[in-house]
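*Asks:* Before we start, here is the structure in question, set down as structure tokens.
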Amino acid sequence: MAYLNLALEHREALLLLVQAVAYASATALQRSLLEAAISGFWIDSCATDEPVDQILRIKRSPPPFNTMAQNLRKSHDFGEWFEVFNDHYKIFN
């Protein structure tokens with residue numbers, strides 16, 4: 001839940017930045033929003049108990065963004081919007 005809460009906080013901050021006409025800062029926050037959302041969705045719907053427990057105990061980092069995104073693509077139909085990121089996974093963590 002922490003990742004999804006973080007994603008929601010990033011979303012709210014992004015909206016405030018857009019309202020303040022701080023477009024460059026809002027754009028910079030998009031990456032953090034996407035990474036937090038993908039991590040949260042992966043933990044909620046794809047991860048097993050063992051890796052989640054290890055991540056919570058800070059004994060292990062979450063899998064690379066690409067791995068989480070590919071797992072989500074296999075298990076969910078997000079539609080075309082998710083495919084936009086397909087060629088860009090390598091730039092994320």
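*Asks:* Which residue, of Arg60, Arg73, is at pLDDT 75 or above and either farther than 20 Å from Met1 by Cβ or not hydroxyl-bearing (Ser, Thr, Tyr) (or both)?
*Replies:* Details: Arg60 fails: at pLDDT 75 or above.
Matching residue, one of Arg60, Arg73: Arg73.
*Asks:* Continuing with the same structure: Go through the stretch 20-29 and give me each residue that's outside any helix (DSSP H, G or I) and either open to solvent by 80 Å² or more (accessible area, probe 1.4 Å) or under 27 Å from Asp77 (Cβ atoms) (or both).
*Replies:* Keep residues of the stretch 20-29 that are outside any helix (DSSP H, G or I), which gives 20-22.
Once the filter is applied, which keeps residues that are outside any helix (DSSP H, G or I) and either open to solvent by 80 Å² or more (accessible area, probe 1.4 Å) or under 27 Å from Asp77 (Cβ atoms) (or both), the stretch 20-29 yields only Val21.
*Asks:* Only one of Leu8, Leu17 is at pLDDT 85 or above and under 24 Å from Phe78 (Cα atoms); which?
*Replies:* When all the criteria are applied, what remains is Leu8.
*Asks:* Also, quick follow-up: Could you please tell me which pairs satisfy a Cβ distance under 9 Å, a separation of 6+ or placement on different chains, a first residue in the stretch 27-44 that is without any contact (Cβ under 8 Å) to a residue 40 or more places away in the chain and farther than 14 Å from Ala69 by Cβ, and a second residue that is open to solvent by less than 20 Å² (accessible area, probe 1.4 Å) and hydrophobic (A, V, I, L, M, F, W, C)?
*Replies:* Within 9 Å, the pairs are Ser32/Ala7; Leu33/Ala7.
*Asks:* Right, another one. Gly79 fails exactly one of the following numbered conditions: (1) open to solvent by 60 Å² or more (accessible area, probe 1.4 Å); (2) at positive phi. What is the number of that condition?
*Replies:* Gly79 satisfies all of (1) open to solvent by 60 Å² or more (accessible area, probe 1.4 Å); (2) at positive phi except (1).
*Asks:* Filter the stretch 30-71 for residues that are assigned to a helix (DSSP H, G or I) and polar (S, T, N, Q) and give the result.
*Replies:* Gln30, Ser32, Ser39, Ser45, Gln54, Asn66, Thr67, Gln70, Asn71
*Asks:* Consider only pairs whose beta carbons are under 7 Å apart and that are at least six residues apart or on different chains; among these, list those whose first residue lies in the stretch 1-23 and is under 28 Å from Ala47 (Cα atoms) and whose second residue is part of a helix (DSSP H, G or I) and β-branched (Val, Ile, Thr).
*Replies:* Matching pairs, first to second residue: Tyr3/Ile43.
*Asks:* Which one of these does Thr67 not meet: (1) more than 14 Å from the chain's Cα centre (by Cα); (2) farther than 25 Å from Leu16 by Cβ; (3) open to solvent by 50 Å² or more (accessible area, probe 1.4 Å)?
*Replies:* It fails just one condition, (1).
*Asks:* Here is a follow-up. Would the stretch 40-50 turn up any residue that is out of contact with any helix residue (DSSP H, G or I) (no Cβ under 7 Å at 6 or more places or on another chain) and among the hydrophobic types (A, V, I, L, M, F, W, C)?
*Replies:* Yes - at least one qualifying residue is present in the stretch 40-50.
The values are calculated or read from the model by the stated rules, or taken from the named source; none is laboratory data. Because the structure is a prediction, the values reported are computed rather than measured. Here Cβ is always computed from backbone atoms with ideal geometry, including for glycine, and neighbour counts include all displayed protein chains. SASA here: full protein model, heavy atoms, side chains in, ligands and nucleic acids out. Shrake-Rupley method; radii C 1.70, N 1.55, O 1.52, S 1.80 Å.
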